[in-house]
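The structure appears below as structure tokens.
All of the numbers you see were taken from the coordinates with simple rules; none came from a lab. Values in this document were obtained by computation on a predicted structure and should not be read as measured data. Cβ atoms come from the backbone with ideal geometry, glycine included; neighbour counts cover every protein chain shown.
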Amino acid sequence: MADSRIILSIRSLNISFDGQVLFKDVSLDVHEDNFIVITTGVMDGATTLVKSILGLVEGVTGQILFEGNDILQAEDRLERRRSRQKIGLVYEAAGLISVMNVYQNIALPLAYHTDLTETDIEHKIVTVAADLEITDLLYLEPNELNDTQTRIVNLARALVIEPRLLLIDELEGGMSAEVMAKMVKVIQHYQQQLHFGIIMTSLEKKAAFATSHYTIRNNQLEVDYVRQK
């Protein structure tokens, strides 16, 4: 079987702030259907690494190619925005707009970046909410959600755009093992249908569902294992 298409290619990535090095010489390829898990610890820069892939971080050098477009070097704002529209980001905490209810938060990227009708948007939101078992949360305000519910709503907003790349920052925080297992199952279902790549940071030292697993050591990503095809 031929290798799947590369969605994201990172080469010689360096991240530093005020002379402090967070990452040095990071290289990584993410293929369609890859589920990459990066073990993270306290203050090791994993969240910064995830956000840098979206071009949201200063002090980054190297190359981040998303579907052939260099996110770091893109001078055209429209080109950079188009790339970001295809990347779903699941925040570790917060990430929701306080003046919008859950439904409106999930709908926001579809309403802003697509020409879908309200009916089509509603169908997508109702479907993903049912899959994630958050239908009863759709008309609550963000301040009415607990931490686990907030993470799941962030996941819904990332999945509903049908991303080419899904970035997930410590989804399991505060979740029971049972709930986390359900979330992973839904993510895998969407990935099988849409064929996107995934990078997830996690406190777990090993995730059975990962196609490859990395750990942050000495400001670099070190591979722990890669599942054999």
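If you add up the charges near Ile15, with Lys and Arg at +1 and Asp and Glu at -1, over every other residue whose beta carbon is less than 14 angstrom from its beta carbon, what do you get?
Net of charged neighbours comes to -1.
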Long-range HN-HN contacts of His31 with modeled amide H, under 5 Å: Ile7
Fraction of antiparallel bridges per DSSP, the chain only, in percent to nearest 5: 55 percent
Aspartates and glutamates whose Cα lies under 14 Å from that of Lys205, excluding same-chain neighbours fewer than 8 positions away: Glu170, Glu172, Glu222, Asp224
Relative frequency of Cα-Cα separations exceeding 28 Å in the range 6-219, percent: 27 percent
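Do any trypsin sites (Lys or Arg not before Pro) in the range 162-220 lie in a DSSP loop with no more than 13 other beta carbon atoms within 10 Å, and if so, which?
Numbers: sites: Arg164, Lys182, Lys185, Lys205, Lys206, Arg217; in loops: Arg164, Lys205, Lys206.
Qualifying residues, ordered by number: Lys205, Lys206.
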Partner aspartates and glutamates for Lys86 [C-alpha distance under 19 Å; skip if fewer than 8 residues away on the same chain]: Asp29, Glu32, Asp33, Glu67, Asp70, Glu75, Asp76, Asp115, Asp120, Glu162, Asp169
Nonlocal amide H pairs with Glu92, under 5 Å, H built at 1.01 Å: Asp169
Helix runs (DSSP H) in the chain reaching 15 Å along axis by Cα, Kyte-Doolittle at least -0.5: 102-113, 118-132, 147-159, 177-194
Partner lysines for Lys206 [C-alpha distance under 20 Å; skip if fewer than 8 residues away on the same chain]: Lys182, Lys185, Lys229
Residues with amide H under 5 Å from that of Ile38, placed H, sequence gap 5 or more: Met200, Thr201, Ser202, Tyr214
Semi-axis lengths, Å, the range 1-52, gyration tensor of Cα atoms, sqrt of 5 times eigenvalues: 25, 13, 7
Cut-off 15 Å, label 7 Å out along Cα→Cβ of His123, residues of the range 187-208 by amide N: none
